Structure formats: C-alpha cells, structure tokens
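Student: After the structure tokens below, expect a handful of questions from me.
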Amino acid sequence: MSEEQDIPLETLGRIENLSVRTMNACRTLQLDSLHKILRYHDEGGDFKAAAGAGRKVEYDLVGLCNRYRESLSRDTLREN
C-alpha cells in the first residue's frame, strides 16, 4: 500500500463506522492509519492489548484487516 492509498484513522472511523472503543484502542496502540493497522495485524499484534479492548474490538479490527486485504489483493491482480 502506497502512502497515497493510506487512510488516516479518523477517516477510516467514519467510513467503517468504528466504535469509540475501537478508535481508542487504535490510538492507544498508536495505529493512526490503515497501513499501521494492517502492519500491526500482519506482525501478529494483539488488538486486545489496548486498555479497554476486548473481543468485539479484536473482531472489528481483524474483520477490517481482512476486508481491506481482500480489496488490496483484487486491486493488485487488476494492475498485473
């Protein structure tokens, strides 16, 4: 994902209708963009490590990662 394709956390929160708790978990983990969220997930990061984050936050963020990974994979295939 290039810099120009990256989505800031605040924008991502509006697009994906992320909960306040999910947004706060991302801020606590210093994940301020889609790129950082995806990288954290790819490196085996535990979203529940943030204070106040539980299964729902984990479920929401893993789902978000999976959706964007699928979208990015399709875009890459179209480019090739």
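The values are calculated or read from the model by the stated rules, or taken from the named source; none is laboratory data. Source: prediction; values computed, not measured. Neighbour counts run over all protein chains shown; Cβ positions are idealised from the backbone, glycine included. What goes into the accessible areas is simple: the full protein's heavy atoms, side chains included, and nothing from ligands, DNA or RNA. Shrake-Rupley method; radii C 1.70, N 1.55, O 1.52, S 1.80 Å.
Student: In whole percent, how big is the carbon plus sulfur part of the accessible area of the chain, probe 1.4 Å, protein atoms only? Present the calculation step by step, with values, prior to reporting the outcome.
Tutor: Details: 2560 of 5370 Å².
Its accessible area is 48 percent carbon and sulfur atoms.
Student: In percent, how large is the relative contact order of the chain, given Cα pairs closer than 8 Å and 6 or more residues apart? Numbers along the way, then the final one.
Tutor: Working: 60 pairs, mean separation 22.6, N = 80.
Computed over the chain, the figure is 28 percent.
Student: Please compute the net charge surrounding Tyr59, taking Lys and Arg as +1 and Asp and Glu as -1 over other residues with Cβ under 14 Å from its Cβ.
Tutor: Working: positive: Arg21, Lys48, Arg55, Lys56, Arg67; negative: Glu16, Asp46, Glu58, Asp60.
The answer is +1.
Student: Also: Name the long-range amide H neighbours of Ser33: under 5 Å, sequence gap of 5 or more, or other chain; modelled H, no Pro or chain starts.
Tutor: Leu9
Student: Here's a follow-up. Could you state the accessible area per residue of the chain in Å², with a 1.4 Å probe and every protein chain left in place? Can you show the working numbers first?
Tutor: Details: 5370 Å² over 80 residues.
Accessible area per residue: 67 Å².
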